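Report on one structure; see the data block that follows.
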Amino acid sequence: MKNFRSILIVWGIVTIAYTVWSYVSYYRAESFAFHLSGGLFVAGMIVFAYGMFSQMSASGLFDGIMYGFKRNRRAKLKEIDSDYEEDEKDDDEMKEERSARKQSAWRWVYVGVGSVILSYVITLV
């Protein structure tokens, strides 16, 4: 449960905030379940999107973009200090770190998909 704490905090805050906002600002006499399903949907999509971007980052999709920024930064720092060298991580350390990040990202995706499905179930019932 400790692994899901931050996910559930974000998910809960977004769900409650959207549900309250929707309930207060919506003029029709809709049921509370209608507003709750909207909050669950919005929170689920936000959590899902965060999880997918984290997964893409952990998979190395953004490495090409980041390489250009790192190369620029390295060139500027070498202008200041010609002896500048960055510490490179070992491949084994990088693989372990990426594996842990991928595992963590999938939790966000699972909670997001579950929330969207729960939203549809509440709407249909």
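Could you check the simple spin-label distance between LYS70 and VAL24, using points 7 Å along Cα→Cβ, in nm with one decimal?
That separation, rounded to one decimal, is 4.6 nm.
I want to check the label-to-label distance for ILE80 and ILE122. Put each point 7 Å from Cα in the C-beta direction and report it in nm to one decimal.
5.0 nm
Filter LYS70/LYS95; LYS78/LYS102; LYS2/LYS102 down to the pairs with a C-alpha to C-alpha distance above 25 Å, please.
Checking Cα-Cα distances, LYS78/LYS102 exceed 25 Å.
How far apart, in nanometres, would the label points at SER104 and PHE32 be if each is projected 7 angstrom from Cα along the Cα-to-Cβ direction?
About 3.6 nm separates the two model spin labels.
Report the net charge of residues surrounding GLN103, where surrounding means a beta-carbon distance below 13 angstrom and charges are Lys +1, Arg +1, Asp -1, Glu -1.
+3
For the range 1-53 and the range 96-125, write down the distance between their C-alpha centroids in whole Å.
Value for the Cα centre distance between the two parts: 13 Å.
Computed from the coordinates by the stated procedures, all read-outs in this text should not be read as laboratory data. From a predicted model like this one, the values you see are computed outputs, not experimental measurements. With ideal geometry, Cβ positions are generated from the backbone for all residues, glycine too; neighbour counts draw on all protein chains shown.
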